[in-house]
Amino acid sequence: MKAWLVRHFGGPDEMEWAEVETPEPGQGQVRIRNHAAALNFFDILQIQGKYQVRPPLPFTPGAEIAGVIDAAGKDVTGWQAGDRVLALPQIGGFAEYTVVDAAKVFAIPDGMDWAQAAAMPIVYHTSYFALRDRAHLKEGEWLLVHAGASGTGMSAIQLGCAFGARVIATAGSAEKLAFAKRQGAELALDYRSDSWVEQVKAATGGRGADVIFDPVGGDVFDLSTRCIAPEGRLLVIGFASGRIPTIAANRILLKNISVVGVYWGGQVTAHVDYTADTQRALEALWVAGEIRPEVGGSWPLSELPAALNALANRTVMGKAVVQ
């Protein structure tokens, strides 16, 4: 089979498109013939050797896939060859076949195509964990979502609306602002101008946002502390800007705000049933028409470096996939 190999840490263009042995599923595993694999920003960091998890070299990146089971290992129950599934392999997704633990495999909901299925797991699971379990978002609260045209932003806007929040989004171009509004944001603001802080205050009657979803960090985080409501929750999702911010403790004290970490990977490692429980909740929201993964870019698997470079350059709205 063909697969992308990272033989040394570097840029996406330094990966090798190689012929490798097709893997065999071990005990409790299935093998999936991939029809789509979704891209995430951490894939780039992992390829560069800058991510907190460093697989041993050589490795194949790719953490979410959709395809058809074509083989099962010993002691696998509930799955058989021909089943349409999505899965979370952690690594190994950017290949024609991937072996995955059966516990990380889920049926594709009716009506969901291959690209949507690959694009669903990580961003929607992360946003669900952030908004439902970390922020305890309530109906009628104001939710501010940064990077509203990204995959995580898209999922956070949709889930915020599904949970009954009033959603404001930020993004960096007219096209991305329109995308965020299409996901359900009632107000979309350009964060290239500092005026978005005052606009958030104005929209919320001077109170500020009750929950702020921040995958950007840097200056966006700093400015968010100026438009957060008393007793607000500032969710730390990631640092796409490249700068890890800090906050003076007196700001936390004086407004009774909470700065809340959102490390979905740690949650699912510590709680073995959490992923399956979340997936069931997300499937119900899909069936109800409350969430719809939007794929903003699709490339052949053989053109993965171009897809990753597009993601790094922020030209993709929603999710990017290879097929």
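The values are calculated or read from the model by the stated rules, or taken from the named source; none is laboratory data. Model, not experiment: these values are computed from the prediction. FYI the Cβ positions are ideal-geometry reconstructions off the backbone, even for glycines, and counts take in every protein chain you see. SASA here: full protein model, heavy atoms, side chains in, ligands and nucleic acids out. Shrake-Rupley method; radii C 1.70, N 1.55, O 1.52, S 1.80 Å.
Just one of the listed residues (R233, R207) is among the basic types (K, R), part of a strand (DSSP E or B) and more than 25 Å from V321 (Cβ to Cβ), namely R233.
Within segment 236-265, the set of residues being outside any loop (DSSP other than H, G, I, E, B), under 19 Å from the mean Cα position of the chain (by Cα) and at pLDDT 90 or above comprises V236, V260, G261, W264. Taking segment 235-261 as the range and being open to solvent by less than 50 Å² (accessible area, probe 1.4 Å) and closer than 15 Å to A147 by Cα as the test, the residues that pass are L235, V236, I237, G238, A240.
Restrict the check to segment 124-132 and report whether at least one residue is touching a Lys or Arg at 6+ places or on another chain (Cβ under 8 Å) and either modelled with pLDDT of 95 or more or buried (at least 24 other Cβ atoms within 10 Å of the Cβ) (or both). No: zero hits.
When each of V105, V85, V76 is tested for being surrounded by 21 or more Cβ atoms within 10 Å (Cβ to Cβ), touching a residue at least 40 places away in the same chain (Cβ under 8 Å) and out of contact with any Cys (no Cβ under 8 Å at 6 or more places or on another chain), the lone residue that passes is V105.
When A81, A103, A71, A117 are screened for being farther than 19 Å from K319 by Cβ and in a helix (DSSP H, G or I), only A103 passes. Quick check on segment 242-251. Is at least one of its residues touching a residue at least 12 places away in the same chain (Cβ under 8 Å) and either among the polar types (S, T, N, Q) or in contact with a Phe, Trp or Tyr (Cβ under 7 Å, 6 or more places away or on another chain) (or both)? Among the residues of segment 242-251, at least one is touching a residue at least 12 places away in the same chain (Cβ under 8 Å) and either among the polar types (S, T, N, Q) or in contact with a Phe, Trp or Tyr (Cβ under 7 Å, 6 or more places away or on another chain) (or both), which makes the answer yes. Please tell me if V99 is touching a Cys at 6+ places or on another chain (Cβ under 9 Å) and among the aliphatic types (A, V, I, L, M). No: the conditions fail for V99. Residues that are open to solvent by 20 Å² or more (accessible area, probe 1.4 Å), in contact with a Lys or Arg (Cβ under 9 Å, 6 or more places away or on another chain) and either in contact (Cβ under 8 Å) with a residue 40 or more places away in the chain or small (G, A, S) (or both) within segment 90-102 comprise E96, Y97, V99, listed in sequence order. So which residues in segment 152-190 are of a type in the set (F, W, Y) and crowded, with 23+ Cβ neighbours inside 10 Å, if there are any at all? Within segment 152-190, F179 is the sole residue that qualifies.
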